[in-house]
Structures are given as structure tokens and as C-alpha cells.
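What follows draws every value from the coordinates through simple rules; no lab data is involved. In this text the structure is predicted, and so the values were computed from the model without any measurement. Every residue, glycine as well, gets a Cβ built from its backbone with ideal geometry; the counts of neighbours run over all protein chains shown.
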Amino acid sequence: MKEAFKAVKVTDDVYWVGAIDWSVRDFHGYLTSKGTTYNAFLVLADKVTLIDTAKAEFAGEVLARIASVIDPGRIDYIVSNHSEPDHTGCLRAVIDTVKPEKVFASRMGVKALAAHYRLEGVTQVTDGEELSLGNKTLTFFDTQMCHWPDSMVSYLHEDELLFSQDAFGMHLASYERFDDELEQSVMDCESAKYYANILMPFAKSIKKTLGKLTDSHLPVSLIAPDHGPIWRKNPSRILNDYACWAQQARTNKAVVLYDTMWESTELMARAIGEGLWAGGARTKLIPVRGVHRSDVATELLDAGALVIGAPTINGQLYPSLGDVLSYVRGLKPAGLIGAAFGSFGWSGEATKQIAEFFEHVQIEQVTEPLKVKYVPTDEDLRLCYEMGSKIASRLIEKIQAG
Ligand code: FEO
């Protein structure tokens, strides 16, 4: 491996020594259709320091990239910003090779590394603590729940470089290592998808992290996350995106999410969509069959309304909707309005179960659930259209009220 995997220079004294995972397609329920990277960074200070590692199976790749710059045995310190196994799976193997003087992690990180890997002797660092690397200095900031309780970021003063662990990342495998080497539209899509699926439930923690960075008045010229490209052209762009997403600002976009058994619920969805559109809502119909739950989550990042339709099967919500609603429930999208609809043959419990979902995630229901037995009549479809119009007008009113 040693001859094939090389480090990539980030600054004069910092190298990317991570791994590219071209084949991963699932990250705890999130469809990673473009793969990902597990970024690790080597700081060539007086005390040579490795920031984060990678998934277990990439130990050889990480060590080979390090060896393309220095003898791995010269590493003095390892900093673990985040204990999730995609960044620590090969930590034990790296420690065994490198034999560092010290390994650093947050208070919760120390506990997590002990629990996951029975790793003892990790040195705890605290929020705002500085670590001298001799000719360079790192400062650590606690960023709890961004993404796990142990999460922290590390700031390298002399290079104005923020090692941000999961924050500001994206799941995108590429040889391009920097934002200015990739299409902006691709990065916009992938960073939004990443935020929606990984960080949406932690908006408060994101705001706190952004506030901490602002209050520190530290200049940030580069942001080096643990996934995807390094932000060097315009790091403020991703900071601004995060500030906006953490506000959970809603737009006039309405998502109609549905599945259908014999096309009746689909017909209702189309009539509701017409009413929404005519009422001024930017409307998107998502037939859930064939659309991955993580793409639905991305659509909810800026949507203002979520209208859900499902048939009932054996007294239950259609299973495809059950999957997506369970996933979305965990992401806790805030500030949406919604309504339920569906066709049924025998008992029609699905709309009641959708209404319960809305109550659980505190989505304001604009109308009573709309149920149609078997096949919608013209009058039923008129009611669907009216339902769409009513939701659109409430949505516009809400957006205008700010
Ligand atoms: Fe990339 Fe929370 O791990």
C-alpha cells in the first residue's frame, strides 16, 4: 500500500492523510450514493500531531498516506475530535503502529473511546483549552451533539485552520480534496443532504457551535471536516449555510409525500398538488416508492408544508410510509404545517396514524385528515383540490408573518 497512497498538502505544514470510501452506500439509514471520505490530517509541528483517523478497514490506507510524508513513528500526539467508528475504527491499529506520546479527546470522547475500544489512558481536554505543539498551538472547542456527545473541534492558530470533525462535511468520495476543485452545485446538494440527515435534530448545538466560533474572533481561512472536501476558497459559504439551516427557516415549498395501492391515493395526491400550486405553494409530489428516505429528509430542510397520503393495509399505514415517517420523526423537523389524506377499502386507519405522526413531531395540521373510500369521485377530487388550496393559503400566511 505504501507506494500507492499519498498524502495531499493542505498548507505548508498540514497534510490530508485520510481515506476515500468509494463503495459505501449506507450510513445508518442515509443513502450515500456518492460514497464518502474519512478525513485525517497530519500537522507537522515540533510535536507531530495526527487529527482523527478512519474506519477500521482503512488503517492501511491512512498509515500509507502518513508514510508518504514522514515515518509514522514520528507522530507524537493523536487528537480524536469525534469517537464515532468512521473516525476511530482504525485508531487502535494506528496507535499500535505509531506509539504516540499522548492521545487527546473531550471528556465524553475519553469515555466513548474506552467503551468502544477499551482504550485507556486517553488525555481529556476541555472547552477552550490550548495544547502547545511547540511551534504551533491547537485550541479545542466542545461541540457536544454536533454530532455526538463527545464531538469537539480543534483550531490550529498558525494556519488559521479549523478541524471541524463531522460539522461542515458531506458524503462525497472524490480525488478532489478542496472546494475549489469541485462543482459548487454538487457541493451545495451534498452538504444540504448531509446536514438534513445527520445534523437536523441538533440545530441548537449547531447554533451554539457557530456562536462559539464567532465569539472566539479567531480568523478561519480553512475548514477541514472529517468528510468531503476542505473549504479553502470560501469557508464562510458553508458557515452561512449552517447558520441558515440551523434557523430552520421555512419557505413556500410544499412536499406531498405519498404511496398508493390501486392509484386512488395517487389521484388524491395529484389533485391536492394542483390546489397547492394554484394557491401559490412551490409544490413537489414525492411518490415514496423508489425515493430514498434520506432524499425525503433533504427535501424537508426548507419545506414549509408536508402533506402525507397513504392507503391502509390490514389496519396499518402503508409500510413504505412507515419507514420514512419513522426516519423523519428522529430528525425532528421544526416549524412545518401539514395534513393527512388517503384512500381506504375497509377501515382506513392510515390517516389517523399520519395525524399521530404530525402530533408527535409538532407539525400543525391545517385540515382534518381527508379519507376516501375506494376510488375518489369528482366531488372527492374537488375536496382534495380545496385541501391543497387551504394548506397553500395557510403556508403563505405563515411565511409572510415570518
Ligand atoms: Fe462521521 Fe458522526 O461520524
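Structure above, values below:
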{"quantity": "Translational D in µm²/s for region 264-303 (Stokes-Einstein at 37 °C, 0.692 mPa s, Kirkwood Rh from C-alpha pairs)", "calculated": "294"}
{"quantity": "Per-selection Kirkwood Rh - region 65-134 (Cα, Å, 1 d.p.)", "calculated": "12.7"}
{"quantity": "Fraction of antiparallel bridges per DSSP, region 39-147 only, in percent to nearest 5", "calculated": "45"}
{"quantity": "Region 210-304: radius of gyration over Cα atoms, expressed as a fraction of 2.2 N^0.38 Å", "calculated": "1.53"}
{"quantity": "Integer Hz, Karplus 6.51/-1.76/1.60 couplings in order for region 132-147, x for Gly and Pro", "calculated": "7, 9, x, 7, 9, 9, 9, 10, 9, 10, 5, 10, 3, 6, 10, 10"}
{"quantity": "Using alpha-carbon coordinates, inclination of helix 107-117 to the longest axis of the chain, degrees", "calculated": "90"}
{"quantity": "Stretchable slack from Ala278 to Thr137, in nm (0.36 nm times residue separation minus alpha-carbon distance)", "calculated": "44.9 nm"}
{"quantity": "Values of log10 I(q)/I(0), in the order q = 0.13, 0.16, 0.18 Å⁻¹, for region 233-362 under a Debye, Cα-only, solvent-free model", "calculated": "-0.53, -0.77, -0.95"}
{"quantity": "Tilt relative to the chain, helix 319-331 - C-alpha long axis, 0 to 90 degrees, to 10", "calculated": "50"}
{"quantity": "Least to most buried among Arg74, Arg237 (fewest other Cβ within 10 Å first)", "calculated": "Arg74, Arg237"}
{"quantity": "Which listed pairs, of Lys253/Lys398; Lys34/Lys208; Lys253/Lys332, have C-alpha distances above 20 Å, in listed order", "calculated": "Lys34/Lys208"}
{"quantity": "Cβ-based exposure ranking for Thr251, Thr32, Thr143, Thr11, in which fewest neighbours within 10 Å come first", "calculated": "Thr251, Thr11, Thr32, Thr143"}
{"quantity": "Straight-distance crosslink candidates among lysines, where the alpha carbon sits under 24 Å from Lys373 and sequence neighbours closer than 8 are dropped", "calculated": "Lys352, Lys390"}
{"quantity": "Region 342-385 - Debye-derived log10 I(q)/I(0), Cα point model, q = 0.20, 0.33 Å⁻¹", "calculated": "-0.69, -1.13"}
{"quantity": "For Leu370, residues with placed amide H under 5 Å, excluding near neighbours", "calculated": "Ala340, Phe341, Gly342"}
{"quantity": "Overall Cα dimensions of region 279-337 - principal axes, largest extent first, Å", "calculated": "36, 27, 21"}
{"quantity": "D_trans [Stokes-Einstein, Kirkwood Rh over alpha-carbon pairs] for region 316-359, 20 °C, 1.002 mPa s, µm² s⁻¹", "calculated": "191"}
{"quantity": "Volume in Å³ per residue [convex hull over Cα atoms, computed for region 1-155]", "calculated": "108"}
{"quantity": "Angle in degrees between helix 235-246 and the longest Cα principal axis of the chain, rounded to the nearest 10", "calculated": "40"}
{"quantity": "Helical contribution to [θ] at 222 nm, DSSP H n ≥ 4, -39,500 (n - 2.57), averaged over the chain, rounded to 500", "calculated": "-10500 deg cm²/dmol"}
{"quantity": "Cα centroid separation - region 187-263 against region 306-326, whole Å", "calculated": "28"}
{"quantity": "Computed over the chain: relative contact order in percent, which uses C-alpha pairs under 8 Å that are six or more apart", "calculated": "12"}
{"quantity": "nm² value of the averaged projected area, convex hull over the Cα atoms of region 183-266", "calculated": "8.0"}
{"quantity": "Spatial extent of region 100-216: Rg and Dmax, with the Cα atoms as the point set, Å", "calculated": "15.7, 44"}
{"quantity": "Spacing of the two label points (7 Å from each Cα toward its C-beta) at Asp12 and Glu130, in nm", "calculated": "2.1"}
{"quantity": "Projected label distance in nm at Glu57 and Gln365, using a 7 Å step from Cα toward the beta-carbon", "calculated": "4.5"}
{"quantity": "Cα-Cα P(r), region 61-104, percent of pairs per 5 Å interval", "calculated": "5, 23, 32, 28, 11, 1"}
{"quantity": "Kirkwood-based Rg to Rh ratio, region 293-402, C-alpha trace", "calculated": "0.97"}
{"quantity": "Value in Å of the Kirkwood radius, where the chain supplies the Cα pairs that are averaged", "calculated": "22.7"}
